[in-house]
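Below: one structure, written as structure tokens.
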Amino acid sequence: PNHYPITPGLRLIEASAGTGKTFALAHIVLRLLTEGKQSLRQLLVVTFTDASAAELRARIGLRLEAALDGLEALAGGSIPKASDPVLQEWLEQTGLEQQQRKTEQQINAQRQQWICQLLEALEGLDQADITTIHGFCRRTLRRQALESGSVMEPILEGDAQDLVLEVIHDYWQQQILELDPQDVRGLQAAGLDVEALTKGLLKVDNEPSLTFKTDDHDLEPTQALKDQFGDCLLNRWRPFVEQWQQEGLALEAEFCRTAADWRSRGCKASETKPFTPKPKTNRCELLTDWIDHVQLTEHDLGHRSAPAYGLIRDQDLLKDYFHPQVFCKAARSCGEDTPKPLSPQLQTAIADLWDGPAQRVWCHALQWGRQALKERRQKRGVMSYAELLAALDPGTDHETKSERITSSPWLQSLRERYQVALIDEFQDTDPVQWRLLNQTFGRSPDHLLVMVGDPKQAIYQFRGGDLNTYMKARLEVDRIDALLDNFRTTAPLMAGLNQLMAAGLKRSQLDVPALRSRSNSKPLQLAQSNQPLQLLNLDVESRDDESSEADSHYEDSLDEDNASTKVKSQVLLSKTKLEDLVPKSVAAAVLELLH
């Protein structure tokens with residue numbers, strides 16, 4: 001800790017839980033204020049929540065007070081007794097090489113200067129920029145109000161649930177209910193309702209870096225849905241009919257041939273279902289008759305030559321037999337790792353007819369809703385957290401670190417105000433936050449940007465936190481240090497955790513380094529048969545009946561790619577059952593330990 005470089009640069013400290021990251025940040029602040037000759041107002045310290053910011057401020061205050069006591073003892077000729085070995089070493093050895101070249105008078109003068117700096121820092125600690133990322137953005141907007149043209153005192157919106165619900169109700173009334181009732185019924189059958197759209201818009205509203213990828217076939221959000229939905233259906237109906245007339249019979253023949261091949265390799269009828277070598281029902285003829293009937297009916301009624309979306313969603317053959325997802329699912333059950341549609345053009349047209357209109361309306365609703373939220377917030381004089389970040393988003397550029405930065409004036413103003421930025425909980429940083437921090441401090445040759453994080457604890461994706469952002473930033477830093485001493489966990493438990501986590505987090509492609517226990521706590525005296533690390537196995541339950549209730553949750557609980565791993569004697573528990581079981585199981589384990 002006393003030799004960590006505090007000169008300008010872009011650095012990362014990776015710290016698992018219990019390894020003293022808050023301690024490290026507080027000690028870096030101490031060294032910056034003394035050795036680095038920085039004032040407290042030149043430091044920006046950012047963490048994730050208000051509670052953690054308050055804790056960090058308190059810990060920094062305690063660190064500065066402890067160092068002040070030690071320096072005053074040295075100045076008075078006493079031998080200081082620090083609260084921890086790191087501070088003791090700092091008091092005894094910091095600047096030792098320089099002190100060897102200084103007179104006693106010069107050494108005392110330096111100590112007095114450091115004492116004055118720490119006294120000044122402690123006096124101004126409550127006004128220091130030790131805050132959340134949103135608090136930092138809000139302060140910056142207020143300070144830069146004249147330059148940016150923003151409001152002098154931006155009011156942050158609290159819970160956006162009511163406003164989002166209001167916007168979705170308006171969309172449903174003004175856009176969805178203006179459609180033909182049969183189209184509305186089809187959209188509802190596809191999962192569109194007020195509740196689902198509200199959840200979707202809330203998620204979109206929390207993503208400051210989200211952009212919609214659009215193409216020429218998308219519904220224009222600035223235009224009424226009823227003026228576009230008919231063409232949206234027609235543009236999918238015509239290609240489907242054309243492809244069906246050309247390839248429908250051949251597709252059914254391929255289904256039969258493939259099913260026969262699966263059976264010859266030992267697959268059961270339940271695995272190839274709904275495909276069989278010799279189907280009893282001529283589904284191809286049934287679908288052709290339905291198409292002819294729909295076209296004749298639409299023509300006689302003088303309609304748009306495409307059926308309503310509700311009629312399309314009523315045709316179960318499109319969903320349960322000819323849809324490419326049905327075939328791919330059966331192919332996986334029969335051992336194929338990367339199945340593909342047998343007739344790509346036709347089955348793509350089927351999927352686009354079945355799913356496409358609802359998907360386009362989803363995009364239309366979310367884009368319309370996001371714009372409506374922005375306009376209503378402007379009228380009310382409030383900003384969401386995402387808008388707060390967006391207001392300071394410097395945008396994407398391709399400037400390298402070695403190049404001189406010539407960006408907006410308010411970025412330059414931030415660089416002039418702060419010399420150092422310390423970022424806690426960096427694993428929950430989103431792309432906008434990273435652009436702001438990197439372009440302001442990381443690419444400047446005159447600033448120090450230190451990020452502290454633990455990628456294993458990246459849990460705030462619902463607020464825009466992005467593990468990929470962390471991994472990208474990790475590739476750009478000058479130096480990476482890891483805190484490998486754990487001060488909370490006893491040695492036997494630490495050994496068990498190290499063994500459990502040795503394989504790393506494979507899906508996230510993260511290595512998990514082993515930690516050393518430095519805890520002074522004594523391990524619990526457990527029975528000889530019990531290990532310090534115990535696992536509660538809650539993921540499976542036995543079943544004797546193939547039609548058990550748990551089986552109905554199986555597909556929801558299992559990755560589609562692993563569907564072939566189904567075991568007859570066990571089934572994964574549903575999320576509902578797990579949520580009910582976990583608290584009871586943990587409570588029982590705690591009671592057992594207490595007894």
Set Lys472/Lys584; Lys213/Lys340; Lys21/Lys577; Lys203/Lys575; Lys329/Lys506, cut-off 30 Å on Cα-Cα distance; pairs above it are Lys472/Lys584; Lys21/Lys577
Can you give me the % of accessible surface on the chain that is carbon or sulfur? Probe 1.4 Å, all protein chains present, nothing else counted.
50
Pairs of Cα atoms farther than 49 Å apart, the chain, %:
32
For Phe212, placing the label point 7 angstrom along Cα-to-beta-carbon and taking region 334-363, residues whose amide nitrogen sits under 11 Å are 360-363
Net length gained if the chain between Glu375 and Asn2 were fully extended (0.36 nm per residue, minus Cα distance)
129.1 nm
To the nearest 0.05, the calculated FRET efficiency linking Leu536 and Ile459 through their beta-carbon distance, R0 being 25 Å, is 0.75
Tell me, what is the per residue accessible area of region 346-386 in Å², probe radius 1.4 Å?
42
With the 1.4 Å probe rolled over protein heavy atoms, region 19-139 has an accessible area per residue in Å² of 49
Length-normalised contact order of the chain, Cα under 8 Å, at least 6 apart, in percent, tallies to 21
Summing -39500 (n - 2.57) over the DSSP H runs of n ≥ 4 in the chain and dividing by its residue number, what mean residue ellipticity at 222 nm do you reach, to the nearest 500 deg cm²/dmol?
-16500 deg cm²/dmol
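The values are calculated or read from the model by the stated rules, or taken from the named source; none is laboratory data. This is a predicted model, so every value here is computed, not measured. Every residue, glycine among them, receives a Cβ derived from its backbone with ideal geometry; neighbour counts consider all protein chains shown. Surface accessibility is based on the protein's heavy atoms, side chains included, excluding ligands, DNA and RNA. Shrake-Rupley method; radii C 1.70, N 1.55, O 1.52, S 1.80 Å.
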